[in-house]
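Notes for the one structure printed next.
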Amino acid sequence: MLHSMFSMVTPSIFLKGFVKSMKFSLFFAIRIMNRALLKEIRKSIIFFLKQKIPFYAHKDQVIFDTNDVLKNDGTPYTVFTPYSKKWKELLREADYMRYLLDYSCFLNQDFVEIPSLSEIGFKKTDLIYLKPQLDEELIGQYDKFRDYPALQWTTQLGVALRFGTISIRECVAFALHSNGAWLDELIWREFFMQILYHFPRVVNQSFKAKYDNINWRNDEDEFQRWCEGKTGYPIVDAGMRQLNETGYMHNRVRMISASFLCKHLLIDWRWGEAYFAEKLTDYDLAANNGNWQWASGSGCDAAPYFRVFNPTVQTEKFDKELLYIKKWVPEFGSVGYATRIVEHRFARERALKIYQKAVRGNIE
């Protein structure tokens, strides 16, 4: 079982522990597009000011900052396609060029032992972190094979992008000459970040307010079966078991599993979003929230509520030989495998009725 990647450490607590262990004359940080953390960021800045340590925050997490990509009327985009078009129109080589640093201006000081994880509020896990690599062959054919979980033809750079161990500028520069589909995925990342920034209520509320009227069933036993990968739908179960064991789930399977929880089981997307937040090593609030609301139909530019993924059809399309399923659900096909938690046709019809009632019969 995967251990929790972090203890409950806020940015301000982390920085206080880190600064006390090291010697600083000034401090540079990456400015992030997340209003939900503004209170914590302010605490950190006040702490540095009290220590009389100059604090500088710079854009480095994204190509375009909070208000860089807006409509002509100055309002934020809420649909991906026009946002992506504007993003690409604004892009200049200077936006993704490598920064040239003059290390001679850095302060020379005596060697200081790097503090341990526990000293700065973290705990060690059994995860193995590999140095991020931009694979020309993989990214070059990303659009052809990314949806097949058994092939694992995705970059798996989510953790590196989340924690800044690979540069977004380097990734964009690479995508521009290798694969437009992967570039679009990087733009989706920034799209969800600016949604979270401009509409911070989405952390706890549906982007489309009327979707908060959905009468969720929220059956705790069924939620537990989903969490444990025991729904009787092997593609869903394989994904959940992969997540529980490794802290990662293939992107296509994330969509299938999220849709299943919201529409087959009628369990609030916030339950699933919180579970993924606990387990994913590449957890990013903007992307996790945006993708869960996309799957549930409640988000901006979301899949329409009447689109209900059929897990069996998804399996036939993307894991026809059952290679992924057999890896994570070895008992599949035996008498020991779980019975289906609900029949697809019944679940789909039930979901459509509940969703339609919540949105007052409006099909979007």
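In the range 119-149, what residues are among the small types (G, A, S) and at negative phi?
G140
Take the residues in the range 39-90 that are hydrophobic (A, V, I, L, M, F, W, C) and touching a Pro at 6+ places or on another chain (Cβ under 9 Å); name whichever of them is surrounded by the most Cβ atoms within 10 Å (Cβ to Cβ).
Checking each candidate, the answer is V69.
Here is a list of conditions, (1) free of Cβ contacts under 8 Å to residues at least 12 places away in the same chain; (2) touching a Lys or Arg at 6+ places or on another chain (Cβ under 8 Å), and A274 meets all of them except one; can you say which number that is?
(2)
Which members of the range 83-132 meet the condition of being within 26 Å of D65 (Cβ to Cβ), without any contact (Cβ under 8 Å) to a residue 12 or more places away in the chain and small (G, A, S)?
Scanning the range 83-132 gives a single hit, A94.
Have a look at G290, G239, G247 and point out the one that is more than 30 Å from V335 (Cβ to Cβ) and buried (at least 24 other Cβ atoms within 10 Å of the Cβ).
The unique qualifying residue is G290.
Does T154 meet the test of being touching a helix residue (DSSP H, G or I) at 6+ places or on another chain (Cβ under 7 Å), farther than 30 Å from I354 by Cβ, outside the structural domain of T315 (by TED's automatic domain parsing) and at pLDDT below 95?
So T154 fits the description; yes.
Note down all Cβ pairs under 6 Å where the first residue falls in the range 67-80 and is assigned to a helix (DSSP H, G or I), the second is surrounded by 10 or more Cβ atoms within 10 Å (Cβ to Cβ), and they're at least six residues apart or on different chains.
Note: pairs meeting the criteria are F80/F191; F80/D301.
For the range 111-148, give me each residue that is within 19 Å of T281 (Cα to Cα) and touching a His at 6+ places or on another chain (Cβ under 9 Å).
Within the range 111-148, K123, K124, T125, D126, L127 qualify.
Out of the residues in the range 52-89 meeting the condition of being among the charged types (D, E, K, R) and at pLDDT below 95, tell me which one is farthest from Q293 (Cα to Cα).
K52
Step by step: first the residues of the range 123-132, then only those that are loosely packed, with under 13 Cβ neighbours inside 10 Å and not basic (K, R), then the one that is nearest to E245 (Cα to Cα). Which residue is that?
The qualifying residue nearest to E245 (Cα to Cα) is D126.
Write out, first by first residue and then by second, each pair whose Cβ atoms fall under 6 Å of each other, whose residues are 6+ apart or on separate chains, and whose first residue, in the range 302-331, is in contact (Cβ under 8 Å) with a residue 12 or more places away in the chain while the second is of a type in the set (D, E, K, R) and surrounded by fewer than 16 Cβ atoms within 10 Å (Cβ to Cβ).
P304/E364
Go through L49, L26, L2 for me and flag whichever is outside the structural domain of W182 (by TED's automatic domain parsing), under 29 Å from L127 (Cα atoms) and either among the basic types (K, R) or modelled with pLDDT under 90 (or both).
L2
Could you pull out the residue among D65, D110 that is in contact with a strand residue (DSSP E or B) (Cβ under 6 Å, 6 or more places away or on another chain) and either in the same structural domain as N291 (by TED's automatic domain parsing) or not small (G, A, S) (or both)?
Going through D65, D110 in turn, just one is in contact with a strand residue (DSSP E or B) (Cβ under 6 Å, 6 or more places away or on another chain) and either in the same structural domain as N291 (by TED's automatic domain parsing) or not small (G, A, S) (or both): D65.
The values are calculated or read from the model by the stated rules, or taken from the named source; none is laboratory data. Keep in mind it's a predicted model, so treat the numbers as computed, not measured. All Cβ positions, glycine included, derive from the backbone under ideal geometry; neighbour counts span all protein chains shown.
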